[in-house]
1. I'd like to compare 170-183, 381-394: which one has the highest average count of other Cβ atoms within 10 Å, and what's the full order after that?
2. By the scheme Lys and Arg +1, Asp and Glu -1, what is the net charge of all other residues having a beta-carbon under 13 Å from that of residue 310?
3. Using square roots of five times the C-alpha gyration tensor eigenvalues, list the equivalent-ellipsoid semi-axes of the stretch 22-211 in whole Å, biggest first.
4. When you have a sec, figure out the Kirkwood radius of the stretch 141-190 from all distinct Cα pair distances and drop it here in Å to one decimal?
5. Can you tell me which of 49-58, 159-168, 64-73, 127-136 comes out highest on packing, and rank the rest after it, using the mean Cβ neighbours within 10 Å?
6. Please list 399, 123 in order of solvent-accessible area, largest first, computed with a 1.4 Å probe with all protein chains present.
7. Note down the magnitude of the dipole of the stretch 22-211 about its Cα centre, charges +1 on Lys and Arg C-beta and -1 on Asp and Glu C-beta and zero elsewhere, to the nearest 20 debye.
8. Could you state the accessible area per residue of the stretch 22-211 in Å², with a 1.4 Å probe and every protein chain left in place?
Amino acid sequence: MKLLVRLLLGFLVVIQTHTAPTKCYCLDQPKEHPEETHYDAKFDRCDGVEFDAITPDEKGNIFFFKGDHLWKGFSGPAQLANGTFQELDEYHHLAHVDAAFRMHSKDEDEPQAHDHIFFFLDDMVFSYYQQTLEKGFPVNIQQVFPGIPSHLDAAVECPKRECTTNSVLFFKGSDVYSFDIKTKTVKKKEWNHLPNCTSVLRWVEHYYCFHGNNFTRFHPVSGDVSGAYPKDARHYFMTCPNFGKWSMSHRKPRCKLDAITTDRMGKSYAFTGDYDFLHELDTPRDGIHHFPITRSWKEVSGAVDAVFSYGDNMYIIQVKEKKDCFSAHYTLIEGYPKSVTEELGIQGPVDAAFVCADQHVAHIIQGQKMIDIDLTATPRAVKSEASLPIHKVDAATCDSEGVKLFVGPEYYLYQTPKVLAVSKISPVAQKFPPRIFGCED
Ligand SMILES: *[C@@H]1O[C@H](CO)[C@@H](O)[C@H](O)[C@H]1NC(C)=O
Ligand SMILES: *[C@@H]1O[C@H](CO)[C@@H](O)[C@H](O)[C@H]1NC(C)=O
Ligand SMILES: *[C@@H]1O[C@H](CO)[C@@H](O)[C@H](O)[C@H]1NC(C)=O
C-alpha cells in the first residue's frame, strides 16, 4: 500500500505540472522540440505508412519509425531519426530500424536495463538510455538476446502480469519468439492466423500488430485475435484529416466523473460517461488514457455508478434494470454479477463508494447518506450511517490525501472517513484541472 500511495502522489504531481492542456486526452503528450526543425515531407503517415518499428520511450512518448525518419507521438510531421537517435545511421552497412522495444520491467530480472530502448538493425542491437547510446553498443543480437534471429520484423515487451514471465516477444514472418528476460530461454511459436507484423506496440496493456496501414490486436500469450480486425491505424494511432472518428486522442469526455478508484497495483481508474475511462499506467509519467470500458471488461457496459477496490478485486457497481454488481480483476470472477443487495446488503442505487487502504469498511454514498459496511462480516451488515454535508456526489475515492468527494468539476477533501461522517459543513471546493480528466470545462 506504500507503493500505491507513492504512485498516487506522483500521479497528482505529474498532473499538476503538465503544461499542455490542449490535447490532454492524447496518449503520451508529444513533447515540443523546437530545436529540431529538420524534418521533411518525405513521409506523410496519413497517406498510410507501414511502420518499421514502434516503441515508447522512458517518458511514455511513442516513436513511430519508417526508413530514416520517425514521428514522435500521435501528431506532428516526420523527422530525421538521427536527430534523436544519432548513432542509428552511423553504421552505414546497417539498413533501417527493423524492430524496437522499451525494457520497462524494473524488478530483479534486468535492473540495469530498466527503461532502456533496444533497437534492432539487421543483426545488431543498440541500447539507448535517455536518448544516449549505451557504452559497448551496438553488439550482435545474439550477445544480448541469445536464440533470437537477425533481420527481425518487430519486438515488444510483455511484463509478467500479461505474459507468464517478464518476456520480450520478437516477430519474424509468422514466427514469434518469446524470450524470457530472466532465464534467457526462448520459446518459438507460430501464429499463422496473425498477419505478419512489421511493428508491434504494447499500449495500455494491449498488444497491437501493425501491418500495412492497418493494425490487429492480439493476445500476447495465445496470439488470439478477438474483435473486428484489421482496423486502419489512421483512425486510432495518429491525427489525420478525415480520420480519427474513434481516435483515443480525440475523445472529449465531460468534466464529471461517474466513479473513481485506485487498485492495489497503484493504478487509478476513473469512469466518465458510458464508454470512457481514464487509466493510469504502471508509472505516472505514462499518463492518462481513455478507453471504452468494454475493452478491458467486456461484461461492463453502460455508465458506472460507483467503484471501489478491496483486496485484489475491483467492485464496479452499475445499477441497471437488473441491479448488477460486478467484480472485475482482469476477468470477471465466477458467480458475478451479483445484485448489490446480495453483495453488500443494501438496496441500490449507489452514487459513489470508496474503501481506504488497509481498511475493511466500504463507505457507500447514496444521496446525502453515507453507509458503512463491514467487508469482513458475512452476511454483510450496515455498521453505521451518517448524513453528509454535500448533496449529489458523483464519485468518491480515498487516497493518501484523504477522502475526496467529486461533484461536477470540483472535489471536497476530508482527512478521513470519520471526519467526513461528523462534518456539518463542507470545506472549500477544490477545482481539479480539467486536463486531469481530459475534458473541456
Ligand atoms: C542526419 O542525416 C541527415 C541526412 O542523412 C544528415 O544530413 C544530417 O547531417 C544527419 N544529422 C546528424 C545529427 O547526424
Ligand atoms: C509471412 O511470413 C512468412 C514467413 O514466415 C511468409 O512465408 C509469408 O508469405 C508471409 N505472409 C505474408 C502475407 O506476407
Ligand atoms: C486494411 O484492412 C481493411 C479491412 O479493415 C482491408 O480491406 C484492407 O485491405 C487492409 N489493408 C492492408 C494494406 O492490409
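The values are calculated or read from the model by the stated rules, or taken from the named source; none is laboratory data. The structure presented is a predicted model; accordingly, all values stated were derived computationally and were not measured. Cβ coordinates were reconstructed from backbone atoms using ideal geometry, including for glycine residues, and neighbour counts include every protein chain displayed. Note: areas computed on protein heavy atoms with side chains; ligands, DNA, RNA excluded. Shrake-Rupley method; radii C 1.70, N 1.55, O 1.52, S 1.80 Å.
1. Ranked by mean Cβ neighbours within 10 Å, highest first: 170-183, 381-394.
2. Details: positive: 264, 380; negative: 263, 312, 343, 358, 374.
Taking every other residue near residue 310 into account, the sum is -3.
3. 25, 18, 17
4. Details: mean 1/r = 0.0929 Å⁻¹.
Evaluated over the stretch 141-190, this radius sits at 10.8 Å.
5. 49-58, 64-73, 159-168, 127-136
6. 123, 399
7. For the stretch 22-211, the charge dipole is close to 580 debye.
8. Per-residue accessible area for the stretch 22-211 comes out at 41 Å².
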